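Colleague: If you scroll down you'll find the structure; I have some questions about it.
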Amino acid sequence: MTSIQRFFLKILLSFPDSWKIKLTGGRPIEINGKTLHPDFQLIAWIDRFISKFHNYKPTKAKKVFESKIKIISNKPISLPKVETTVIGGINDSIKIRIYNPDPTRDGHPILLYFHGGGHVVGSINTHDNLCRYLAYFTPCLVFSVDYRLAPEFPFPNAINDTFRAYKWIKSNAMRLGGNPDKIALAGDSAGGNLAMATTILLKESKQDLPNFIGLLYPYLDLSQETASYETYQEGYLLSRSQLRWFKSHYAPNTNDRSKPEASPLLYPNFKDFPNCYVATAGFDPLLDEGVELVSKLQKDRVHVVHTNFPGLVHGYASFADIIPAAWDAVQDFIKYLKTEWSGHLKTESPDHDTNE
C-alpha cells in the first residue's frame, strides 16, 4: 500500500506548477508577502484528506507517523557501516544508531543528531534517511539517539537521555572512530529543542560544550504561543492543535513548560554558547520562535547563521527525497556543516583532516 501511495504522490508532484495550483484551489497561497511553494501547496492540500496522527492515542500515532514517513522516503542510500548500540540499563535503555562514512579512518568529527516529532512521535527510523545523508555528504560520524518518548516518558526523560548520550559518546568516541573533542549537536523540531536544552545542561554543569549546534525549524517554547501559531494554525502540515497535543503529553505539568530545559528560548543568557545554525520555514507555526532565538543569540554575541526558507513548511527535511526545494534546504544545512567543520579541523594534523 505504501509503494502505491508513493507512486501516485510522485506522479502528482511531477505535474507542472500551474497544474498543482489549479488542482489545489486555483491560486497560489500567499501570506505576509510569502508564497507557499507549489509542491508544498499540493502536499498541504492532500493532507487535508488524511486522518491526523494526533487524533489517535500516542501508541497508534507513532505508527501512523512512521507510515507517513515511509511514503515520502526513498530507499536508504548505502553507507560502509551502520550499526545500532544500546546504552543504559533495563529501565532506562536507549538505542543509538551510528552512521560511519569511512570505517578505514579514525578521528571523524561527530554529529550527535536528535530526531523531531514533538517528543511524542518520531524515531531513529523516521530520520534514518536524513542521518544517512548527513554522514554521506559531510565528514561526520553521525550518532542518532532514540531517546525515550512521551507520554510514557514525559519531561525531563528525553533531555536526560540526550544528556546521557552526549556523555557516553564523548567517552567512547575514540573506540568508535570519532574525535571526542569534535562533537556538534543537531536536531529538527523537538530534536532542536533537545539540542539546545542539552547544551544548556552542559553549560550549567560546567562541562565541555559542543563545537556548534544545528537547528532545523526548532520547537523552542512550550510555555506560550506566538503570533505565528495563529497565522499558520491550520493547513500547513504542522497545526496549532498538534502542538498543543505534543506539549500536553511531553509536559503535562504546566509549571515544567517554563523551565529552560523544556523551553530553551527562555534561557536567560546565551553568552559563550557555541556557534549556531538556525533554519526556519515561512509557513510554520514555530517560525516566530526560531526568529526570536536568532535575535537572542545575536544579542548575546553568539555567532549564528540564520537561513529562512519562506516558501517551505515545518518538517521540510522529511520531504527531501521527493521535493527538490526541500532537498536544497537540507543541502544548505549540509553546506553549513562542512564549512563549520572545515574551520574546526584546519588546525589538525593531515592524518586527521577529513575535509573534502
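The values are calculated or read from the model by the stated rules, or taken from the named source; none is laboratory data. Only a predicted model underlies this, so the values are computations on that prediction, with no experimental measurement involved. Here Cβ is always computed from backbone atoms with ideal geometry, including for glycine, and neighbour counts include all displayed protein chains.
Colleague: Only one of GLY117, GLY122 is closer than 27 Å to ASN211 by Cβ and in contact with a His (Cβ under 7 Å, 6 or more places away or on another chain); which?
Modeller: Values: GLY117 fails: in contact with a His (Cβ under 7 Å, 6 or more places away or on another chain).
Within the list GLY117, GLY122, the selection yields GLY122.
Colleague: ASP102 passes all but one of (1) crowded, with 23+ Cβ neighbours inside 10 Å; (2) closer than 16 Å to ASN179 by Cα; (3) of a type outside the set (S, T, N, Q); which number fails?
Modeller: Tallying (1) crowded, with 23+ Cβ neighbours inside 10 Å; (2) closer than 16 Å to ASN179 by Cα; (3) of a type outside the set (S, T, N, Q), ASP102 fails exactly one: (1).
Colleague: Would you say ASN91 is under 19 Å from GLY116 (Cα atoms) and free of Cβ contacts under 8 Å to residues at least 40 places away in the same chain?
Modeller: Here the answer is no, as ASN91 does not meet what is asked.
Colleague: Could you tell me which numbered condition SER295 fails, if it satisfies all but one of (1) more than 16 Å from the chain's Cα centre (by Cα); (2) buried (at least 18 other Cβ atoms within 10 Å of the Cβ); (3) within 22 Å of ALA329 (Cβ to Cβ); (4) hydroxyl-bearing (Ser, Thr, Tyr)?
Modeller: (2)
Colleague: With GLY191, GLY187, GLY117 as the choices, which residue is part of a loop (DSSP other than H, G, I, E, B) and closer than 28 Å to TRP327 by Cβ?
Modeller: Going through GLY191, GLY187, GLY117 in turn, just one is part of a loop (DSSP other than H, G, I, E, B) and closer than 28 Å to TRP327 by Cβ: GLY117.
Colleague: Same structure, new question: For region 124-160, what are the residues that are surrounded by 24 or more Cβ atoms within 10 Å (Cβ to Cβ) and free of Cβ contacts under 8 Å to residues at least 40 places away in the same chain?
Modeller: Selection gives CYS131 alone.
Colleague: Continuing with this model, one more query. Taking the criterion of being in contact with a Lys or Arg (Cβ under 7 Å, 6 or more places away or on another chain) and not in a strand (DSSP E or B), would at least one residue in region 49-66 satisfy it?
Modeller: Filtering region 49-66 down to residues in contact with a Lys or Arg (Cβ under 7 Å, 6 or more places away or on another chain) leaves none.
Within region 49-66, not a single residue is in contact with a Lys or Arg (Cβ under 7 Å, 6 or more places away or on another chain) and not in a strand (DSSP E or B).
Colleague: For region 210-244, enumerate the residues that are in a helix (DSSP H, G or I), buried (at least 20 other Cβ atoms within 10 Å of the Cβ) and not polar (S, T, N, Q).
Modeller: LEU243
Colleague: If you check ASP181 against the conditions, is it touching a helix residue (DSSP H, G or I) at 6+ places or on another chain (Cβ under 9 Å), among the charged types (D, E, K, R) and over 30 Å from GLY33 (Cα atoms)?
Modeller: Judged against the criteria, ASP181 is a match.
Colleague: With respect to SER248, determine if the residue is surrounded by fewer than 18 Cβ atoms within 10 Å (Cβ to Cβ), small (Gly, Ala, Ser), within 15 Å of ALA150 (Cβ to Cβ) and out of contact with any Leu (no Cβ under 6 Å at 6 or more places or on another chain). It would help to see each step written out before you state the result.
Modeller: Working: surrounded by fewer than 18 Cβ atoms within 10 Å (Cβ to Cβ): yes; small (Gly, Ala, Ser): yes; within 15 Å of ALA150 (Cβ to Cβ): yes; out of contact with any Leu (no Cβ under 6 Å at 6 or more places or on another chain): yes.
Yes, satisfied.
Colleague: Now for a separate question. Within region 130-146, can one find any residue that is under 26 Å from ALA61 (Cβ atoms) and touching an Asp or Glu at 6+ places or on another chain (Cβ under 6 Å)?
Modeller: No - not one qualifying residue is present in region 130-146.
Colleague: Suppose we keep only residues that are out of contact with any His (no Cβ under 6 Å at 6 or more places or on another chain) and of a type in the set (Gly, Ala, Ser) within region 62-107. Which one would you say is farthest from TRP327 (Cα to Cα)?
Modeller: Looking at residues that are out of contact with any His (no Cβ under 6 Å at 6 or more places or on another chain) and of a type in the set (Gly, Ala, Ser), I get GLY89.
Colleague: Here's something else I'd like to know. Can you tell me which residue among ASN160, ASN129 is at pLDDT 95 or above, in a helix (DSSP H, G or I), over 15 Å from GLY315 (Cα atoms) and of a type outside the set (A, V, I, L, M)?
Modeller: On inspection, the qualifying residue turns out to be ASN160.
Colleague: Could you list, in sequence order, the residues of region 77-94 that are farther than 14 Å from ASN157 by Cα and assigned to a strand (DSSP E or B)?
Modeller: Within region 77-94, LYS81, VAL82, GLU83, THR84, THR85, VAL86, ILE87 qualify.
Colleague: I've got another one for you. If a residue has to be surrounded by fewer than 13 Cβ atoms within 10 Å (Cβ to Cβ), within 26 Å of the chain's Cα centre (by Cα) and modelled with pLDDT under 95 to count, how many in region 11-56 make the cut?
Modeller: 5
Colleague: Pick from region 161-188 the residues that are out of contact with any strand residue (DSSP E or B) (no Cβ under 7 Å at 6 or more places or on another chain) and not charged (D, E, K, R): which of them is surrounded by the fewest Cβ atoms within 10 Å (Cβ to Cβ)?
Modeller: The qualifying residue surrounded by the fewest Cβ atoms within 10 Å (Cβ to Cβ) is SER171.
Colleague: I'm checking my understanding of the structure. Among residues of region 298-348 that are of a type in the set (Gly, Ala, Ser) and not in a helix (DSSP H, G or I), which one is surrounded by the most Cβ atoms within 10 Å (Cβ to Cβ)? Lay out the reasoning, then the answer.
Modeller: First, the residues of region 298-348 that are of a type in the set (Gly, Ala, Ser): 311, 315, 317-318, 320, 325-326, 329, 342-343.
Next cut, not in a helix (DSSP H, G or I) only: 311, 315, 320.
Values: GLY311: 20, GLY315: 23, ALA320: 21.
Selected residue: GLY315.
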